[in-house]
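To start, the structure itself, in structure tokens.
The values are calculated or read from the model by the stated rules, or taken from the named source; none is laboratory data. Fair warning: this is a prediction, and the values are worked out from it, not measured in the lab. Because the Cβ atoms are built from the backbone with ideal geometry, glycine has one as well, and the counts that use them run over all protein chains shown.
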């Protein structure tokens, strides 16, 4: 199991308010794979996001569905550094109409 496989799984987790996956939104800060265990550090666009718990559960479920060989899966919500729009991928910016295609 690799970081890339975990990131691919996390691309299945879509922020329902924005309609873009958490990877392209720049919400995933770190993925660590140690043996069969996976740790993810991620954030939200704002601390006030009411979907915090749901997105954490969705991230854990996406990893387990894509990587059934995973052992412990832990998704931690972190607030440093604070998220900002510059963290989004070019794809996400285009989807939001922030960049020219």
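Which ones in segment 1-33 are within 12 Å of residue 73 (Cβ to Cβ) and not in a loop (DSSP other than H, G, I, E, B)?
Across segment 1-33, the qualifying residues are 6, 9, 10, 31, 32, 33.
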- Message: What's the total number of residues in segment 34-50 that are assigned to a strand (DSSP E or B) and touching a strand residue (DSSP E or B) at 6+ places or on another chain (Cβ under 8 Å)?
- Response: 6
- Any residue at all in segment 71-79 that is farther than 16 Å from residue 27 by Cα, modelled with pLDDT of 95 or more and in contact with a helix residue (DSSP H, G or I) (Cβ under 8 Å, 6 or more places away or on another chain)? yes
- Restricted to segment 29-53 and to residues being within 17 Å of residue 65 (Cβ to Cβ) and either in contact with a helix residue (DSSP H, G or I) (Cβ under 7 Å, 6 or more places away or on another chain) or touching a residue at least 60 places away in the same chain (Cβ under 8 Å) (or both), the residue surrounded by the fewest Cβ atoms within 10 Å (Cβ to Cβ) is 33
- Note on the structure: Counting only residues in segment 54-70 that are without any contact (Cβ under 8 Å) to a residue 40 or more places away in the chain and either part of a loop (DSSP other than H, G, I, E, B) or more than 13 Å from the chain's Cα centre (by Cα) (or both), the one nearest to residue 11 (Cα to Cα) is identified as 64
